[in-house]
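The values are calculated or read from the model by the stated rules, or taken from the named source; none is laboratory data. Everything numeric in this text was worked out from a predicted model, so none of it was measured. Neighbour counts are summed over all protein chains in view; Cβ atoms, including those assigned to glycine, are modelled from backbone coordinates with ideal geometry.
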Amino acid sequence: MLIEFLPFWFANYLAAWLFLALTIALMMGFPVTFTMMGTSFLFGLIGLNPSFFDLLPLRMWGIMNNTMLMAVPLFIFMGLALERSGLAKELLETMEELFRNIRGGLAISVVLVGALLGASTGIVGATVVTMGLMSLPTMLKHNYSKSFAAGTVAASGTLGQIIPPSIVLLLLGPVMEVPVGDMFMGAVIPGLILVVLYCLYIYFSSFFSTKHIPRAQDKGATFDKAFILKIFKALIPPLFLILAVLGSIFAGIATPTESGSMGAVGAIILTAFNKKLSFKLLHEVAKGTIKMTCMVFIIIMGASCFALVFRGLGGDDLLREFITSLNLTGWQLVTMVMIFIFILGFFLDFIEITYIHIPIIAPIVVEYGYDPLWFGIMFAVNLQTSFMTPPFGPSLFYLKGVCPPEVKTTHLYRGIIPFVILQIIGLMIIAAWPSLVTWLPGIVYGN
């Protein structure tokens, strides 16, 4: 092995050099999967016997045999189908009319619609694009400032990151070795906390930031029979889908994979109900599902290769020794990890962080006696900021691609700052009261 010819300072810390090389390469913009596999093979050939890689096919086979991951393409299909169903347009129009005579009512309706779409689709990109196409021009037309409107839409679209059924939670569950159903239940209250924080911020901002938020309109909705029927027509379809997907999981009737299939069928039914179903639409949705699924799974493959080599080089022991030498208390460790993940979110995608860093960090946090479910939800809420933090915030790119030309990138960056702060406040609330995460699963399972 080449490691015998290397200097002590390099050979004894080969796992750390692997981690550093991978992080630098990813930040330089090299393709994720090939970077993970390439650096892993390079450092593995330096520090390990070539026969060590005989374990790799077994790990790949284990991933392909993981029935929980079968839910990924099903939820992606559900989200893409709903994106084209016209559901968001009806929801937004109804909510806007409902909250018209409330200060910041249109912005509040955007947040609520984003939450409902997040609970229906679970795909951040689809929600941000849909909301950007329909709500951003409407907010600008009603004299909301460009930065406030863009920030509200971007933040509302990212609620699908934490509100179940979230693709992030679906991927995070197996990594944290926590049942996906528990992850979904644990995320319900934190997701609602973020929705409430957003709405309160918008409402109270309307008293102090009149240049960003227009005055409420004098005339609101007229609660006659026609409007009540309109509300039911707009709310029943997404609530039906949420009940079918999450209700079946929480009640123990179906596994996440089975509920994903129910959600996919339900999305097709809703699309047909809105008279948007066609062979062309199904072809586009299936094609998009294949592309996104392949992207997710190829990253999982690369991350599996990295994790195998990192552990083979003694990376786990090296990290434990480093943390032990710092003499950190449990809360100091959690704080340091959360700051580290927050900073990584500026540069790396959530899938990369989930499959590269969490398998290394999570076992150490759990060894300190913390609930893996609580830490997993903390991590998911923290990662939600990565969707909006420049320079690589995906939500900003999604929104910039569909927003009117007068909305500049600087408007997006200024607009998301208050909402990132609100997400951090939400993270601190969950850290202070872990029962907000564990209460609902405890009620369901009776412990």
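Segment 337-447 holds helices (runs of 4 or more DSSP H) entirely within its bounds, and those carrying 2 or more residues that are surrounded by fewer than 17 Cβ atoms within 10 Å (Cβ to Cβ) map to 358-367, 394-402, 409-432, 435-445.
Only one of the listed residues (MET36, MET60) is closer than 20 Å to CYS294 by Cβ, under 23 Å from the mean Cα position of the chain (by Cα), in a helix (DSSP H, G or I) and touching a residue at least 12 places away in the same chain (Cβ under 8 Å). That residue is MET36.
Just one residue in the set LYS146, LYS141 is without any contact (Cβ under 8 Å) to a residue 12 or more places away in the chain and over 23 Å from TRP439 (Cβ atoms); that residue is LYS141.
Going through segment 240-251 one residue at a time, which ones are without any contact (Cβ under 8 Å) to a residue 40 or more places away in the chain and either closer than 12 Å to LEU117 by Cα or not in a helix (DSSP H, G or I) (or both)? Scanning segment 240-251 gives a single hit, ALA251. The conditions of being modelled with pLDDT under 80, assigned to a loop (DSSP other than H, G, I, E, B), surrounded by 12 or more Cβ atoms within 10 Å (Cβ to Cβ) and not hydroxyl-bearing (Ser, Thr, Tyr) are not met by PHE52.
Would you confirm whether or not segment 95-116 contains a residue that is at pLDDT below 75, assigned to a helix (DSSP H, G or I) and either touching a His at 6+ places or on another chain (Cβ under 6 Å) or of a type outside the set (A, V, I, L, M) (or both)? Checked segment 95-116: at least one residue is at pLDDT below 75, assigned to a helix (DSSP H, G or I) and either touching a His at 6+ places or on another chain (Cβ under 6 Å) or of a type outside the set (A, V, I, L, M) (or both).
Close Cβ contacts (under 8 Å, 6 or more residues apart or on different chains) running from residues in segment 177-205 that are over 15 Å from ALA119 (Cα atoms) and touching a residue at least 60 places away in the same chain (Cβ under 8 Å) to residues that are outside any helix (DSSP H, G or I) and among the basic types (Lys, Arg) comprise TYR203/ARG103. Being at pLDDT 70 or above and either surrounded by 24 or more Cβ atoms within 10 Å (Cβ to Cβ) or not aliphatic (A, V, I, L, M) (or both) is a property that LEU87 has.
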